[in-house]
Amino acid sequence: MIKRRTNVEIIALGFAIVILVGTFLLLLPVSSDHTDFLDALFTATSATCVTGLVVYDTATHWTLFGQIVILLLIQIGGLGFITIGVFLATYLKKKISLRQRGLIEESVNSLKLAGGVKLVKHIIKGTFLFEGIGAIILSLVFIEDFGLLKGIYLGIFHAISAFCNAGFDILGTADNAFPSLMGYSGNILINVVIMLLIITGGIGFLTWDDIYRNKMNFKRYRMQSKIILMTTVCLIIFPTVFFFACDLKNLPAGERLLAAMFQSVTTRTAGFNTIDISAMSEASKAVMILLMLIGGSPGSTAGGMKTTTFTVLILNAIATFRSQENAGAFGRRLEYHVIKNAATIAMLYFTLFFCGGVAISVYEDLPLLDCLYEAASAVGTVGLTLGVTPGLHVFSQVVLIILMYLGRVGGLTLIYAVFSGRNKGNAKLP
């Protein structure tokens with residue numbers, strides 16, 4: 001008898017299928033002159049899991065067809081294939097079943113089944129709106145440097161990559177590979193637009209919904225949205241101050257502040273950089289590792305263990321310090337299972353990050369901090385690198401592929417997919 005797949009199993013398998021299809025397309029001769037299977041798999045995984053780690057410079061290795069495949073994988077991975085599938089079904093006037101509504105709830109972290117289809121429509125419209133506005137503004141700058149057609153293409157590519165928190169860029173040349181946005185470190189318009197796209201894509205679809213419905217009436221927001229917004233602001237401001245005070249001292253004050261803020265925003269899952277990350281201090285790299293592990297927010301285009309997980313653990317610690325029985329925020333109590341899930345997710349991400357980093361360091365005989373940085377970038381689906389990734393061997397690439405996949409699918413999703421149906425009962429030991 002064929003076992004019926006659970007929602008979490010469908011999501012986990014769906015991402016794997018998208019990755020395999022992307023790998024096949026990138027292996028085609030029309031995508032590049034020549035690409036090995038593992039390199040194509042690595043690139044497809046990085047794009048679908050909106051990470052940004054690459055073994056080849058995207059602009060110079062891949063043809064226009066290959067770049068478009070990567071862009072489509074980024075869009076599918078950012079929005080989630082469930083969201084796109086449901087939108088296409090509604091567009092074709094297909095009926096959405098109760099099971100499919102459950103998949104929507106699981107995919108976008110919705111709190112209820114009702115209104116899921118309507119939420120998907122809002123997500124698609126909002127995505128194209130933000131990406132469209134971002135593409136237009138970015139194109140205005142790129143057209144001046146690269147001409148009309150290429151400037152528009154660059155604007156579209158980087159707007160989608162930024163909104164989906166992917167970090168892929170196509171600004172490299174044969175003489176300057178893997179440049180990211182370092183050539184625009186002093187361009188305020190590029191920096192601000194990319195940062196706004198990253199933040200908008202990373203705060204989560206339900207937070208959009210709250211902002212759309214309740215406008216500036218913060219008190220009426222869901223507790224989750226309040227926590228997400230407050231945590232996001234703190235995780236932008238405090239690292240910005242740290243980077244400004246402890247690093248980037250060779251830049252003028254204005255450009256230094258802009259660079260500090262950009263690195264603070266992009267580190268939590270986007271993967272773009274406007275400065276040489278490898279030249280930053282070890283203290284800054286350690287802070288960036290923590291930010292990469294925290295990641296974005298639930299139901300967003302971002303990865304990582306999520307801002308809500310981090311905040312729940314902080315709130316629980318504060319309650320413990322105060323000898324309070326229950327943790328809470330904004331006049332609401334946090335349920336025990338919420339804290340339990342947060343602790344489980346955090347433990348899973350830290351374990352994956354540490355074991356992955358140590359494994360790569362031992363195998364490649366590289367400094368541990370550099371390898372931990374790459375591992376955090378992979379499991380947090382960030383894409384920032386200290387230049388280690390392109391030179392890694394097969395074993396280390398496979399480790400990063402696994403980390404990227406697990407980081408995007410989500411810790412609990414994978415655990416439930418593997419262990420669902422294995423509950424032995426509710427009996428309690430004495």
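The values are calculated or read from the model by the stated rules, or taken from the named source; none is laboratory data. Keep in mind that this is a model prediction, so the values were computed, not measured. Neighbour counts run over all protein chains shown; Cβ positions are idealised from the backbone, glycine included. With ligands, DNA and RNA removed, areas are computed over all heavy atoms of the protein, side chains included. Shrake-Rupley method; radii C 1.70, N 1.55, O 1.52, S 1.80 Å.
At a glance:
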read-out: Qualifying residue in segment 48-60 (condition: open to solvent by 10 Å² or more (accessible area, probe 1.4 Å), farther than 25 Å from Cys371 by Cα and part of a helix (DSSP H, G or I)); value: yes
read-out: Those residues of segment 345-391 which are more than 22 Å from the chain's Cα centre (by Cα), of a type outside the set (A, V, I, L, M) and in a helix (DSSP H, G or I), in sequence order; value: Ser361, Tyr363, Glu364, Gly391
read-out: Qualifying residue in segment 109-116 (condition: crowded, with 16+ Cβ neighbours inside 10 Å, modelled with pLDDT under 55 and on the phi < 0 side of the Ramachandran plot); value: yes
read-out: Identity of the residue in segment 248-272, over 21 Å from Phe163 (Cβ atoms) and hydrophobic (A, V, I, L, M, F, W, C), that ends up most open to solvent (accessible area, probe 1.4 Å); value: Leu257
read-out: Residues that are open to solvent by 70 Å² or more (accessible area, probe 1.4 Å) and either of a type in the set (Ser, Thr, Tyr) or within 20 Å of Met195 (Cα to Cα) (or both), drawn from segment 126-151; value: Phe128, Leu129, Phe130, Ile133, Ile136, Leu140
read-out: Residues satisfying the stated conditions in segment 344-382, i.e. open to solvent by less than 10 Å² (accessible area, probe 1.4 Å) and touching a residue at least 60 places away in the same chain (Cβ under 8 Å); value: Tyr349, Tyr373, Glu374, Ala376, Ser377, Ala378, Val379, Gly380, Thr381, Val382
read-out: Scan of segment 337-376 for residues that are over 14 Å from Met305 (Cβ atoms) and of a type in the set (S, T, N, Q), ordered by number; value: Ser361
read-out: Failed item, numbered, when Leu313 is tested on (1) touching a residue at least 24 places away in the same chain (Cβ under 8 Å); (2) open to solvent by less than 30 Å² (accessible area, probe 1.4 Å); value: (2)
read-out: Some residue of segment 240-247 being aliphatic (A, V, I, L, M), touching a residue at least 40 places away in the same chain (Cβ under 8 Å) and open to solvent by 10 Å² or more (accessible area, probe 1.4 Å); value: no
read-out: Every residue from segment 287-307 that is open to solvent by less than 50 Å² (accessible area, probe 1.4 Å) and at pLDDT 90 or above; value: Val287, Met288, Ile289, Leu291, Met292, Leu293, Ile294, Thr307
read-out: Residues located in segment 205-220, provided they are open to solvent by less than 20 Å² (accessible area, probe 1.4 Å) and in contact with a Lys or Arg (Cβ under 9 Å, 6 or more places away or on another chain); value: Leu206, Thr207, Asp209, Asp210
read-out: Selection from segment 187-218 of residues that are touching a helix residue (DSSP H, G or I) at 6+ places or on another chain (Cβ under 9 Å) and either free of Cβ contacts under 8 Å to residues at least 24 places away in the same chain or not in a helix (DSSP H, G or I) (or both); value: Asn187, Val192, Ile203, Gly204, Asp210, Ile211, Arg213, Asn214, Phe218
read-out: Residues (small (Gly, Ala, Ser) and within 22 Å of Gly304 (Cβ to Cβ)) located in segment 178-204; value: Ser180, Gly201, Gly202, Gly204
read-out: Odd one out for Ala319 among (1) open to solvent by less than 10 Å² (accessible area, probe 1.4 Å); (2) closer than 23 Å to Thr381 by Cβ; (3) not acidic (Asp, Glu); value: (2)
read-out: Scope segment 5-22; condition at pLDDT 90 or above, crowded, with 20+ Cβ neighbours inside 10 Å and either more than 15 Å from Cys49 (Cβ to Cβ) or over 17 Å from the mean Cα position of the chain (by Cα) (or both); matching residues; value: Gly22
read-out: Pairs with Cβ under 7 Å, 6+ apart, first in segment 43-57 and without any contact (Cβ under 8 Å) to a residue 12 or more places away in the chain and under 14 Å from Thr385 (Cβ atoms), second open to solvent by 10 Å² or more (accessible area, probe 1.4 Å) and not in a helix (DSSP H, G or I); value: none
read-out: Residues satisfying the stated conditions in segment 162-183, i.e. open to solvent by less than 30 Å² (accessible area, probe 1.4 Å) and assigned to a helix (DSSP H, G or I); value: Ala162, Phe163
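Each row is one residue, and each column tells you yes or no for (1) modelled with pLDDT of 90 or more; (2) small (Gly, Ala, Ser); (3) within 27 Å of Val382 (Cβ to Cβ).
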residue	(1), (2), (3)
Ile104	no, no, yes
Thr127	no, no, yes
Gly134	yes, yes, yes
Ser139	yes, yes, yes
Ile143	yes, no, no
Leu154	yes, no, yes
Ala162	yes, yes, yes
